[in-house]
Protein chains: 2
Amino acid sequence: MAQLLKVQNFNVSSDGIAAGPDEHQTLDNPFGLPGAERLFSWAGATASWPNRTDPGGSRGLDDYLTRDFTHNIGAEIMGRNKFGHQRGPWLDHQWRGWWGDEPPFRTPVFVMTHHLRPSYSLADTTFHFVDGDPATVLAQAREAAQGKDVRLGGGVSTIRQFLDADLIDTLHVAVAPVEFGAGRSLWKSPDELLDRYHLDVVPSPSGITHHLFWRR
Amino acid sequence: MAQLLKVQNFNVSSDGIAAGPDEHQTLDNPFGLPGAERLFSWAGATASWPNRTDPGGSRGLDDYLTRDFTHNIGAEIMGRNKFGHQRGPWLDHQWRGWWGDEPPFRTPVFVMTHHLRPSYSLADTTFHFVDGDPATVLAQAREAAQGKDVRLGGGVSTIRQFLDADLIDTLHVAVAPVEFGAGRSLWKSPDELLDRYHLDVVPSPSGITHHLFWRR
């Protein structure tokens with residue numbers, strides 16, 4: 001079985017926006033976008049959301065998407081801006097990601113950056129910092145995944161790089177019924193990908209429209 | 001986390017029929033229903049279908065349902081008619097289920113029958129034959145599942161028994177766009193369950209309408 005590269009639970013607005021302009025990202029506002037929770041609150045409402053602390057939550061369609069997050073995943077690749085809000089050389093090595101002492105990845109994670117720093121582990125997650133083109137980083141992640149698939153975590157510019165290099169096998173993009181008008185945009189329209197991907201458009205009772213792409 | 005009892009990938013026609021009349025089940029016709037493949041062909045078209053032998057298959061909505069089949073499942077319960085076509089005392093102990101030498105369950109499987117026989121293993125699956133009411137069999141399966149969830153595999157009369165005993169936590173029922181008119185029916189309408197369950201109705205581009213129930 002081939003090792004897939006998969007985008008999962010990536011959230012955008014109906015106008016394709018996943019984050020605010022680069023300079024708007026801060027420690028208190030990871031997405032740099034006022035109202036960003038309207039993009040991802042659907043996931044938090046499900047029973048399988050990894051950060052859930054109480055026993056409730058829905059177990060319908062949206063829950064299938066959140067509980068698939070770890071299915072057969074052996075590594076993640078993410079851009080530096082998903083990892084943190086610092087830019088340029090690492091001034092604060094104490095910064096170890098947004099996720100606290102138990103990151104939800106539980107696999108090796110490859111953070112793409114021109115500014116290297118030593119690897120470290122938090123619980124079951126190990127962060128590696130790598131400077132390479134998408135194909136090179138994917139090869140590293142595949143080896144670390146030991147036969148399992150690799151998740152491409154985002155953000156927008158990282159996904160665009162891997163799309164441009166034609167390295168992504170499947171994408172799940174959750175489109176929320178909100179418009180932001182400005183910010184970092186994944187696409188003008190999901191139709192841009194139809195020359196390369198099949199697409200199932202699946203409206204959820206939560207108001208989200210799940211877009212499920214897989215290679216033709 | 002509670003151990004759920006889950007029905008997954010259970011296929012019925014638009015008039016609720018999952019199998020032919022009891023006496024129509026034979027070795028060559030496990031469902032006892034001409035055209036039964038129209039109920040489950042959607043699953044065989046997906047990349048994650050356990051019996052798939054070639055590398056193709058869709059990776060859209062339907063594939064989320066098939067690849068969820070094994071997610072956190074530690075045991076299965078099934079009725080005797082799902083296990084085989086024999087009725088009454090076991091005349092043929094050579095019969096070891098419909099699934100060949102590598103059954104797709106890969107967990108302990110509890111077959112409900114008044115006619116006991118010794119347990120046996122095929123690859124990663126062990127079949128146990130148990131005579132008890134639904135609550136008793138569920139307790140056995142939960143213990144065997146070692147903290148994971150339990151799948152209730154069917155058929156119709158087994159699911160009805162567990163619904164009557166109010167033991168099922170979630171159900172995924174795939175409704176196919178075909179009518180059979182006669183046979184063993186799960187329901188007159190999915191609405192019968194709405195007093196006890198939430199329901200997401202999710203039409204798939206394949207023509208199947210997935211019904212996802214979870215307890216209120």
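The values are calculated or read from the model by the stated rules, or taken from the named source; none is laboratory data. Since the model is a prediction, treat every value here as computed from it, not as a measurement. Positions of Cβ are generated from backbone atoms using ideal geometry, with glycine treated the same way; all protein chains shown enter the neighbour counts. Each accessible area value is taken on the protein alone, full model and side chains, heavy atoms only, with ligands, DNA and RNA left out. Shrake-Rupley method; radii C 1.70, N 1.55, O 1.52, S 1.80 Å.
Worth pointing out:
- Distance from region B:174-213 to region A:93-129 (C-alpha centre basis), Å: 44 Å
- Taking chain B and dividing mean pair separation by its residue count, relative contact order in percent (alpha carbons under 8 Å, at least six apart): 31 percent
- Considering helices alone, the calculated mean residue ellipticity of chain B at 222 nm is -5000 deg cm²/dmol, with DSSP H runs of length four and up weighted by -39500 (n - 2.57) and normalised per residue.
- Between B:H85, B:H71, B:H24, the GNM of chain B built on Cα springs shorter than 10 angstrom shows B:H71 fluctuating the most.
- Two-site label geometry, A:E37 and A:A182: point separation in nm, points 7 Å out along Cα→Cβ: 2.4 nm
- Anisotropy class of region B:66-216 from Cα gyration tensor, a/c 1.5 cut: prolate
- Separation of the alpha carbons by more than 28 angstrom is noted, of A:K6/B:K188; B:K82/B:K148; A:K148/B:K82; A:K82/B:K148, for A:K6/B:K188; A:K148/B:K82; A:K82/B:K148.
- Surface analysis of chain A yields an accessible area of 45 Å² per residue, using protein heavy atoms and a 1.4 Å probe.
- Carbon/sulfur fraction of accessible area - the protein assembly as shown, other protein chains in place, 1.4 Å, %: 51 percent
- Label point distance in nm, B:A165-A:A45, each placed 7 Å from Cα along Cα→Cβ: 3.4 nm
- Pairwise Cα inverse-distance average, inverted: Kirkwood Rh of region B:1-111 (Å): 15.8 Å
- Evaluating 6.51 cos²θ - 1.76 cosθ + 1.60 at θ = phi - 60° for every residue in region A:156-161, the Karplus couplings come out as 3, 5, 5, 4, 4, 4 Hz, glycine and proline recorded as x.
- Average beta carbon contacts from partner chains per residue of A:56-63, 10 Å cutoff: 6
- B:L122 long-range amide H proximity, modeled H, under 5 Å: B:F127
- Only the Cβ atoms of Lys and Arg (+1) and of Asp and Glu (-1) were treated as charged; on that basis the dipole of the protein assembly as shown about its Cα centre amounts to roughly 420 debye.
- Those trypsin sites (Lys or Arg not before Pro) in region A:143-200 that DSSP places in a loop and that have at most 14 other beta carbons within 10 Å: A:K188, A:R196
- Shape category assigned to the protein assembly as shown from the gyration tensor of Cα positions, a/c cut at 1.5: prolate
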